[in-house]
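Inspection log for the structure reproduced underneath, given as structure tokens.
Each reported figure results from applying straightforward, stated rules to the coordinates on display, with no laboratory input. Just so it is clear, the model here is predicted, and its values are computed rather than measured. Glycine gets a Cβ as well: all are built from the backbone with ideal geometry, and neighbour counts include every protein chain shown.
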Amino acid sequence: MEGKWIWTTVIVVVIVIIAAVGAYYFTRPSGEEEKVLVVATSADFPPFEYIDPDTQEITGFDVELIKMIGEKIGYKIEMRNMAFDSLIPSLQTGKVDVVIAALTITEEREQVIDFSKPYWHADQAIVARKDSNIVINSPEDLEGKVIGASMGTTGFLWVKDNIGEDKCTLNAYSSFVDAVQALVSGQVDLVIMDTTVVSSFEKSYDIKQVYTVETGENYGIAIQKGNTELLNKINQALDEIMNSPEWDQLVEKYFG
Ligand code: ARG
């Protein structure tokens, strides 16, 4: 008789424990599990993305912007740094969730990834060494020159498509920093880069802008194709931020 009571008690206690643990897992606030967005960039593009020399962290305008967006939509942001031409493939294969990299919205890229609404405008700049006497008055003047570019960027593609590799020597580098270093050390005559980063590079290297190609580009934040839920959230957050004083402060901090 006593054995029966002991067993009943044990069973009741076990059931109560299971129920309590279950109730905890099913009812705890969802905010406790931190949702993470893995965000890739190519940190060779100041002031949009670069490595902070003091902290060695990835920082810049884009990095702060995506963190602000993450905060609004309830995600913690984890940054990854990679070569520019690995960004889109990493997004396509799902290695990362988001790319923010001063990435120009183009029709070709829109075939394989989705973009947010535009948040910045750019053209392409042709830069030379500061002591160079190269004069460029039109795209034809680029013929016969040795031009450096960052692999896969819109500047690289512009030279390829509009000047042609039969009319100039186009040297592709895995980063803008490498391309600019090649310019300074005399391996190339000119480098093509977004107009938005020229003044930052001028601070660290003896270079100058000698021509502007009005490509009329817009930067967007990229995500995997078809993830409309995430895209809508990002767009809404971007809208709110761009229409608030936070935006002006961010612009002032990096471009002021
Ligand atoms: N806007 C250009 C493009 O989309 C260059 C972007 C380079 N960005 C970077 N983080 N390196 O091709």
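Overview of results
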quantity	calculated
Given (1) touching an Asp or Glu at 6+ places or on another chain (Cβ under 7 Å); (2) in a loop (DSSP other than H, G, I, E, B), number of the condition residue 212 does not satisfy	(2)
From 143, 107, residue being over 30 Å from residue 236 (Cα atoms) and either acidic (Asp, Glu) or surrounded by 20 or more Cβ atoms within 10 Å (Cβ to Cβ) (or both)	143
Qualifying position, being part of a helix (DSSP H, G or I), of a type in the set (Gly, Ala, Ser) and touching a strand residue (DSSP E or B) at 6+ places or on another chain (Cβ under 7 Å), among 179, 149	179
Conditions (1) within 30 Å of residue 35 (Cβ to Cβ); (2) of a type in the set (Gly, Ala, Ser); (3) within 12 Å of the ligand (Cβ to nearest atom); number of the one not met by residue 90	(3)
Which numbered condition residue 127 fails, given (1) within 12 Å of the ligand (Cβ to nearest atom); (2) within 17 Å of residue 196 (Cβ to Cβ); (3) outside any helix (DSSP H, G or I)	(1)
Segment 41-76: number of residues that are assigned to a strand (DSSP E or B) and within 16 Å of the ligand (Cβ to nearest atom)	8
Residues satisfying the stated conditions in segment 154-170, i.e. assigned to a strand (DSSP E or B) and either surrounded by fewer than 18 Cβ atoms within 10 Å (Cβ to Cβ) or within 12 Å of the ligand (Cβ to nearest atom) (or both)	169
Top-ranked residue of segment 179-190 - restricted to ones that are of a type outside the set (A, V, I, L, M) and in contact (Cβ under 8 Å) with a residue 40 or more places away in the chain, ranked as surrounded by the most Cβ atoms within 10 Å (Cβ to Cβ)	189
Pick from segment 93-105, criterion within 15 Å of the chain's Cα centre (by Cα) and away from the ligand (no atom under 11 Å from the Cβ), ranking: nearest to residue 199 (Cα to Cα)	98
Residues of segment 222-256 satisfying the condition of being exposed (fewer than 11 other Cβ atoms within 10 Å of the Cβ) and farther than 22 Å from residue 115 by Cα	245, 252, 256
Set 225, 208: member being farther than 18 Å from residue 88 by Cα and among the basic types (Lys, Arg)	208
Test: residue in segment 117-133 that is among the small types (Gly, Ala, Ser), touching a helix residue (DSSP H, G or I) at 6+ places or on another chain (Cβ under 8 Å) and over 17 Å from residue 210 (Cα atoms)	no
Cβ-Cβ under 6 Å pairs, at least 6 apart or on other chains, segment 51-79 side closer than 19 Å to residue 115 by Cα, far side of a type in the set (Lys, Arg)	73/233; 75/35; 77/67
Residue check for residue 233: of a type in the set (Lys, Arg), free of Cβ contacts under 8 Å to residues at least 40 places away in the same chain and either within 22 Å of residue 75 (Cβ to Cβ) or outside any loop (DSSP other than H, G, I, E, B) (or both)	no
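Listed here are the residues, each with its yes/no results for (1) among the small types (Gly, Ala, Ser); (2) over 14 Å from the mean Cα position of the chain (by Cα); (3) farther than 23 Å from residue 182 by Cα.
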residue	(1), (2), (3)
67	no, no, yes
71	no, yes, yes
78	no, no, yes
107	no, yes, yes
110	no, yes, yes
132	yes, yes, no
144	yes, yes, no
166	no, yes, no
